[in-house]
1. With the condition being within 37 Å of the chain's Cα centre (by Cα), I'd like the helices (runs of 4 or more DSSP H) fully within region 273-334 carrying at least 2 qualifying residues.
2. For the structure I just gave you, tell me whether residue 141 is farther than 30 Å from residue 70 by Cα and crowded, with 17+ Cβ neighbours inside 10 Å.
3. Out of (1) modelled with pLDDT of 95 or more; (2) on the phi < 0 side of the Ramachandran plot; (3) touching a helix residue (DSSP H, G or I) at 6+ places or on another chain (Cβ under 9 Å), the odd one out for residue 274 is which?
4. Would you mind stating whether residue 170 is at pLDDT 95 or above and out of contact with any strand residue (DSSP E or B) (no Cβ under 9 Å at 6 or more places or on another chain)?
5. Before we move on, is residue 263 at pLDDT 85 or above, part of a helix (DSSP H, G or I) and in the same structural domain as residue 229 (by TED's automatic domain parsing)?
6. Considering each residue of region 29-60, count those that are exposed (fewer than 14 other Cβ atoms within 10 Å of the Cβ), free of Cβ contacts under 8 Å to residues at least 24 places away in the same chain and outside any loop (DSSP other than H, G, I, E, B), and give that number.
7. Need the failing condition index for residue 181 against (1) touching a helix residue (DSSP H, G or I) at 6+ places or on another chain (Cβ under 6 Å); (2) closer than 26 Å to residue 215 by Cβ, just the number.
8. For region 181-205, which positions are assigned to a helix (DSSP H, G or I) and at pLDDT below 95?
């Protein structure tokens, strides 16, 4: 019997140089590699499904030594397995060497249940694999010109995109790292900013609201119902103070769950802000109903601003989030202190 379940599926094998010096560094290397293949559309990089697997080679050496025997841990199917197996193998080899033992050159398997590596076979020399040339396969020559033409056709790679987000858009390294993890999410954010969304606010919304919906509903970003320009229009209103964050989130939720336009969502959730006269009238009523709190504020008994924050909360609830906290506080302070 021949198992042909992978027939016709191309295999790319990438061999790193022996310059990774810790399990954490090996994990970061594989993370970066997964981001790269996903951005290039080469693979979905799903380790558990078998799209990406790791063989980890490790050898220990002391100061001035050339290096010990190489041990290979085969077919690791998760980042956790990669890191934990290397941690265990370092401990195993160090303990063996300290007791005067010799590390055998072998292939080992990681047992997830026991969190131990187990020997499977000794490492063969090249000739033991019984390779033989296939006369029907001519040599494949890759020229420098071909490599350069491929390089020119590459899209913006994850590290370059992350640097641009930090240097040009003012995001933090942490914010940029989350956005570039998935190519589609990074492209969605880019499109929202290009449509006029403030970069920092767009970053916060994509990393929280957008990713939350994608994960909860197991959607691909390409099927996300809120288009980047719609999100940009919503966030522009929040940035200008025309819309509170509370109302914006209600609109966003409706856009995600219903076939509704942004204008319809704004009309439904009262996107129209109260006039200055309406805001002042509500402020006066709030102060009249809480005269004892006002008296304590005027008497200097609110050094940390908790009491005025309480009044602000009452007004925000009455307004159902249709005004910004800053505008409500300004109104209260003007009325209390008669500015």
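The values are calculated or read from the model by the stated rules, or taken from the named source; none is laboratory data. Values in this document were obtained by computation on a predicted structure and should not be read as measured data. Glycine gets a Cβ as well: all are built from the backbone with ideal geometry, and neighbour counts include every protein chain shown.
1. Correct list: 306-319.
2. No: the conditions fail for residue 141.
3. Checking residue 274 against (1) modelled with pLDDT of 95 or more; (2) on the phi < 0 side of the Ramachandran plot; (3) touching a helix residue (DSSP H, G or I) at 6+ places or on another chain (Cβ under 9 Å), the one that fails is (1).
4. Values: at pLDDT 95 or above: yes; out of contact with any strand residue (DSSP E or B) (no Cβ under 9 Å at 6 or more places or on another chain): yes.
Yes, satisfied.
5. Values: at pLDDT 85 or above: yes; part of a helix (DSSP H, G or I): yes; in the same structural domain as residue 229 (by TED's automatic domain parsing): yes.
It is true that residue 263 is at pLDDT 85 or above, part of a helix (DSSP H, G or I) and in the same structural domain as residue 229 (by TED's automatic domain parsing).
6. So the answer is 1.
7. Here residue 181 meets the rest and fails (1).
8. Result: 183, 184.
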